[in-house]
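This is the structure I want to talk about, given as structure tokens.
Each reported figure results from applying straightforward, stated rules to the coordinates on display, with no laboratory input. Please read these numbers as outputs of a predicted model, since none were measured by experiment. Using ideal geometry, Cβ is built from the backbone for each residue, glycine included, and neighbour counts are taken over all protein chains shown.
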Amino acid sequence: MSISSRRNAGVTIILIVASFFSAHLCFSILPSVFEPWNAQATDQLFVLRSSIPLFRPHYDKTVVHVDLNNSTILRLNNFYLNRSHYARLMENLAAMGTAVQAYDFIFAARSNAQDDEALIRATKEAGNVYFGVAFGLVTDASTQVQSLLDDASLDYLRATRWLVPSEPAASEFFTGSQPLPTFIDLARHSRGLGFISIKSDVDGVFRRVPLLVKFQDGYYPSLPFRVACDYLGVSPGGIHITPGRAIVLRDARKPGAEPHDITIPIDAQGNMRINILGPWEAMDHYNFADVYRASQDSYEMGRWKKELAGKIVVVSDVSTGSTDIGPVPADVNFPLSGLHANVIHTLLTESFLKEFSLTEMLPLEAAIGVLLLTLALRFSSLSFLLSSSGLALAYAAGVAFAFLYGNVLLHLVRPLFFIGFSLISITAYRYFKEEQEKLALRKSFEAYFAPSVVKKIMNHPEMISNRGEKKELTILFSDIKSFTTHSAHLSPDQIRKSLNDYFEAMVEIVFKHGGTVDKYIGDGLMVFFGDPEPQPDHALRCVRAAMEMQQKVRQQGRESEQEGSIPIQIRIGINTGEVVVGNMGSTRRLSYTVLGAAVNLAQRLESNAPVGGILISQRTYEWVKDEIAVENPRQIQVKGIDVPVSVYEVSPPA
């Protein structure tokens, strides 16, 4: 590997590593800005899953809703349902053989004796009713305020808390503060209470729920967690917490199934990611009014028994005016009671979502970095752009595949940031590097080619052959008469200035006629015409350039005499013939040049040309005879050629 290649590889590695850390810094320094981007991007996977039947998760119809909605109010002709209405609903659901009645309500205080007694009696007789309790979810236990509760209510909550083993201690779990439970007499006759408080993510979307909160040196379960544990026959003693990793339910048993352990993935705060089935309509919903009136008709009651027997029923108010609505990944206006049902469904079906942590993502992101490096080192800028974009699309597709088929949630946005930062930085580096190389190349070309030719070469680099090619070109050699003798009396600065002024004038004429400067040989000059830009009249261009060069030198000579500097006179030899043209030299220094016998003959003609004259070969004469006047045709013997060479002198302009 060359030094330049090693340097490019080193810079590429640095840029990829810097892109990796830049992506991570975005999410670590400003998580409230960037993490919601990832969460919202991931939400689209839920939308995709729920909108395509092939990808929709299996719905276990054990979990259903009974909704108090606008239709219920109209059909019962009562906007404010009293507790007797709920009592009758409980009685009917119990008669229908439901396994669980989970009410997303807090009956916080008594209302009137008759209705309260009806509700208490129905709850007691049903034996499968759960109610809610509200907690303030705080991270600092010292902020608890419980003085608003009476002693009996506080004693009840303390008595019904769960003592669950945790290893290590669940120090980051939420603490339940300021409890607001269902009133004590009703709570005592229920199957149990569970908290219904939920915190949204920072962007306001509800994606996860704490299953347990710390309370009174123990834990209090959420309503859906309490329902699921009772349904699965798991007591608090059969639950084990590993904070930040899992809650394990020992020997959980669904009706008719074998007992087994259920491992629920959780974060450090005890949150479980809810595997939302889809929008509100994804689950079965029944109208409160239909269930309420079922007891009026024995046939209807029989039909409802077949429909709801053994099911877990979540009862909630979703009528207009209910404030318990918020966005979830699959629905922007989702009645939040549906979260409780989805939590129960997730627990019963064990369809848990596995969210990769930062540590778990690192090997995957490292693999992406290796792929980026491989692509960057193997491909050109355009190919790297396309392949990196393909890598980003492939990763996004992989994230979707992992979610749809494995219930795995990989971080989507941060690796895409990593790929994007790498793509931008490497492309920018290559662009500026290529621009610098083009600038250096342009400056190099400008010393040898006419500006118009340089522009064409930069736009079409293929004009400069990377391999030798045989072409018929016209070569010109010029040399200053007795320059070494004259320069012996001049200072180095005077010599440099004289040569620079001379070559500047000569090269300008060469470029004017479309010639290419091959090299400077001391005070001599070698140029050729006909390449890299094809010129059908390259011989004529060369001769006309030579005539103008002699004219310019004579003009400079008159000026030199007036200034007392070197009187410059030159000889020019021109030959047309087949040569090899291309980039030649070593890997460290290449030169675009011509080689061959035709080049040697042009140089010999220059040494035999008269001072101030132009000597051309027979082949050049054949190309220009109709345009250029010549004189003194003759044959001369030149070094390195056995036979005499026919030559012509170009007539000076009149």
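Taking the highest mean first, how do the peptides 337-350, 475-488 order by number of other beta carbon atoms within 10 angstrom per residue?
By packing density, highest mean first, the sequence is 337-350, 475-488.
Let me ask something else. Work out Dmax and Rg for region 250-362 from the C-alpha atoms and quote the Rg first, both in angstrom.
Rg, Dmax (Cα atoms, Å): 17.9, 63.
Any chance you could list the semi-axes, whole Å, largest first, of the equivalent ellipsoid that the Cα gyration tensor gives for region 451-650, using √(5λ)?
Computed over region 451-650, the values are 26, 22, 16 Å.
Please list, ordered by chain and number, the residues whose modelled amide H lies under 5 Å from the amide H of residue 56; skip anything fewer than 5 residues away on the same chain.
none
Still on this structure: What are the ³J(HN,Hα) couplings of region 215-222, residue after residue, when phi is run through the Karplus curve with 6.51, -1.76, 1.60 and θ = phi - 60°? Round to Hz, x for glycine and proline.
Ordered by residue, 3J(HN,Hα) equals 7, 6, 6, x, 9, 10, x, 6 Hz.
If you plug each phi of region 492-509 into the Karplus form 6.51 cos²θ - 1.76 cosθ + 1.60 with θ = phi - 60°, what whole-Hz ³J(HN,Hα) values come out, in order, with x for Gly and Pro?
x, 5, 5, 4, 4, 5, 4, 5, 4, 5, 5, 5, 4, 5, 5, 5, 4, 5
In cubic angstrom, how much convex hull volume per residue do the alpha carbon atoms of region 58-350 span? Mind showing how you got there, number by number?
Values: hull volume 38.2 nm³, N = 293.
Taking only Cα atoms, region 58-350 has a hull volume of 130 Å³ per residue.
Dipole size in debye (nearest 20) for region 451-650 around its Cα centre, Lys and Arg Cβ +1, Asp and Glu Cβ -1?
Computed charge dipole of region 451-650: roughly 400 debye.
Which whole-Hz couplings ³J(HN,Hα) result when phi for each residue of region 574-582 is put into the Karplus expression 6.51 cos²θ - 1.76 cosθ + 1.60, θ = phi - 60°, listed in order with x for Gly and Pro?
Along region 574-582, the couplings run 9, 9, 10, x, 7, 9, 9, 10, x Hz.
Select from 500, 521, 648 the residue farthest towards the positive end of the dipole of region 451-650; place +1 on Cβ of Lys and Arg, -1 on Cβ of Asp and Glu, and compute about the Cα centre.
521
Among 190, 68, 132, which residue has its Cα furthest toward the positive end of the charge dipole of region 58-350, with +1 on Lys/Arg Cβ and -1 on Asp/Glu Cβ?
About the Cα centre, the residue reaching furthest to the positive side is 190.
Quick check on the chain: helices-only [θ] at 222 nm, where DSSP H runs of length 4 and up contribute -39,500 (n - 2.57) each and the sum goes over total residues. Nearest 500, please.
-15000 deg cm²/dmol
Further question: Residue farthest toward the positive end of the dipole of the chain, with Cβ of Lys/Arg at +1 and Asp/Glu at -1: which of 224, 632, 259?
632
Whose amide H sits under 5 Å from the amide H of residue 523, counting only residues 5 or more places off or on another chain, with H placed in the peptide plane?
none
OK, next. Skipping prolines and chain starts, which residues have an amide H placed within reach, meaning under 5 Å, of the one on residue 245, given they are 5 or more residues away or on another chain?
266
Expressed as a fraction of 2.2 N^0.38 Å, the rule-of-thumb size for a compact globular protein of N residues, what is the C-alpha radius of gyration of the chain?
1.77
I've got another one for you. Among the listed pairs 61/214; 199/305; 433/519; 124/254; 305/354; 512/625, give every one whose C-alpha distance is greater than 30 Å.
From the list (61/214; 199/305; 433/519; 124/254; 305/354; 512/625), the Cα-Cα distance tops 30 Å for 61/214; 199/305; 305/354.
Can I ask one more? Run a plain Debye calculation on region 483-531 (Cα atoms as equal point scatterers, no solvent) and give log10 I(q)/I(0) at q = 0.16 Å⁻¹, rounded to two decimals, same order as the q list.
-0.51
How big is Rg to Rh over region 1-105, alpha-carbon atoms, Rh as the Kirkwood inverse-mean-distance radius? Please report the intermediate quantities before stating the final value.
Working: Rg = 28.4 Å, Rh = 20.6 Å.
Taking Rh as the inverse mean 1/r over Cα pairs, Rg/Rh reads 1.38.
Also, I was wondering about something else. Where nothing but the Cβ of Lys and Arg (+1) and of Asp and Glu (-1) is charged, how large is the charge dipole of region 64-181 around its Cα centre, in debye to the nearest 20? List each step's numbers first, then the result.
Values: 8 positive and 13 negative charges, 77 e Å.
For this selection, approximately 380 debye.
How big is the dipole moment of the chain about its Cα centre under a simple scheme where the beta carbon of each Lys and Arg is +1, that of each Asp and Glu is -1, and everything else is neutral? Debye, nearest 20, please.
Using Cβ point charges on Lys, Arg, Asp and Glu, the chain gives about 1080 debye.
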